[in-house]
């Protein structure tokens, strides 16, 4: 099969013919129809995610495709099923988090495209229990980004104390943020889009935002407080300065959810949090149950990513575009175009 392989850090991927993956008795073979290009892929190939990574590795953890083969003990899937594979591919199965259904917190997890091969290839093999069936109403190309970007912004609504009608600010209208606006609106939130310049704010309003804050001219904390303060701020951004500024824009009992890992620290004092019982928390992707919930909700409310498509042969060009924040808004590779 053809694959785009990371063979060395900070070097271009190598497009090569590699052996087709074998199928274990509890595994499924997927013919990849689409694989999203995530900013985490840039971190991996640039050597930023050295924890748990291995080289060579086939990148890609936003996988959508068709079941082509089944292990002998896989009975809940059929050849021809439309399925996807997320970042979380396998866990230990017996730690307290796995037992509680919070397998995304397992410290022994294997991550697709990080330490096991992912979807920048014509075929990918994975444990059958880690794949999720894609609703028929979602196109496979549009489904791919939901397996990371989608679940990453949908999951915090469950774990950050969101209540219907809360005021939700989305800090950054990019690959994750434009999906967060759609999920928040469909969940009944009063949605505040935060970005730089009028173009993305106008798009955010078209996607369902009620308000817009322009970081190029507005004081973020003051603008949020003028609207009553944010009950929940989703921060799918590497801009630590904006996250720092957002803290004073939280309402009492409000929560800032950090969804991207930048190198610069977010700065705050204890006093900023204590007075209003405010919180800062992190959130990473989602568990298998979160993935299923994300897809079902997206299907029911017609939530879709805005994408640009690239052939597998253009994987390096797509990575460069993501590195430079050029896609509007998710880049997707098509390994089996024909």
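The values are calculated or read from the model by the stated rules, or taken from the named source; none is laboratory data. Everything numeric in this text was worked out from a predicted model, so none of it was measured. Cβ: placed from backbone, ideal geometry, glycine included. Neighbour counts: every protein chain shown.
Answer yes if at least one residue in segment 55-66 is within 16 Å of the chain's Cα centre (by Cα), part of a loop (DSSP other than H, G, I, E, B) and on the phi > 0 side of the Ramachandran plot, and no otherwise.
Checked against the condition, which is being within 16 Å of the chain's Cα centre (by Cα), part of a loop (DSSP other than H, G, I, E, B) and on the phi > 0 side of the Ramachandran plot, segment 55-66 yields at least one hit.
Where the second residue is part of a strand (DSSP E or B) and at pLDDT below 95 and the first is closer than 12 Å to residue 57 by Cα and lies in segment 112-127, which pairs have Cβ atoms under 7 Å and are six or more apart or on separate chains?
Note: pairs meeting the criteria are 112/89; 116/89; 116/110.
When you look at residue 119, is it part of a loop (DSSP other than H, G, I, E, B), modelled with pLDDT of 95 or more, in contact with a helix residue (DSSP H, G or I) (Cβ under 9 Å, 6 or more places away or on another chain) and crowded, with 18+ Cβ neighbours inside 10 Å, yes or no?
Here the answer is yes, as residue 119 does meet what is asked.
Just checking, which of 335, 327 is buried (at least 17 other Cβ atoms within 10 Å of the Cβ), at pLDDT 95 or above and in contact with a strand residue (DSSP E or B) (Cβ under 9 Å, 6 or more places away or on another chain)?
Only one candidate passes the filter, namely 335.
Within segment 298-319, count every residue that is under 21 Å from residue 203 (Cβ atoms) and assigned to a helix (DSSP H, G or I).
The number of residues fulfilling the criteria is 1.
Yes or no: residue 235 in the same structural domain as residue 213 (by TED's automatic domain parsing) and over 25 Å from residue 113 (Cβ atoms)?
no
Would you point out which residue out of 322, 332 is in a helix (DSSP H, G or I), over 20 Å from residue 201 (Cα atoms) and in contact with a helix residue (DSSP H, G or I) (Cβ under 7 Å, 6 or more places away or on another chain)?
Matching residue, one of 322, 332: 322.
Go through the residues of segment 168-176 one by one and say whether even a single one is over 23 Å from residue 223 (Cβ atoms) and either touching a residue at least 24 places away in the same chain (Cβ under 8 Å) or not assigned by TED's automatic domain parsing to the domain that holds residue 253 (or both).
Yes, the conditions are met somewhere in segment 168-176.
Assigned to a helix (DSSP H, G or I) and either surrounded by 18 or more Cβ atoms within 10 Å (Cβ to Cβ) or out of contact with any strand residue (DSSP E or B) (no Cβ under 8 Å at 6 or more places or on another chain) (or both): is that true of residue 217 in this structure?
Taking the combined requirement at face value, the residue does not satisfy it.
Does any residue of segment 84-106 turn out to be in a loop (DSSP other than H, G, I, E, B), in contact with a strand residue (DSSP E or B) (Cβ under 9 Å, 6 or more places away or on another chain) and touching a residue at least 40 places away in the same chain (Cβ under 8 Å)?
Checked segment 84-106: at least one residue is in a loop (DSSP other than H, G, I, E, B), in contact with a strand residue (DSSP E or B) (Cβ under 9 Å, 6 or more places away or on another chain) and touching a residue at least 40 places away in the same chain (Cβ under 8 Å).
Look through segment 242-287, keep the residues that are surrounded by fewer than 18 Cβ atoms within 10 Å (Cβ to Cβ) and within 30 Å of residue 90 (Cβ to Cβ), and return whichever of them is farthest from the chain's Cα centre (by Cα).
So, considering only residues that are surrounded by fewer than 18 Cβ atoms within 10 Å (Cβ to Cβ) and within 30 Å of residue 90 (Cβ to Cβ), the one farthest from the chain's Cα centre (by Cα) is 263.
Determine which member of the set 269, 255 is out of contact with any strand residue (DSSP E or B) (no Cβ under 6 Å at 6 or more places or on another chain), closer than 23 Å to residue 231 by Cα and not assigned by TED's automatic domain parsing to the domain that holds residue 139.
269
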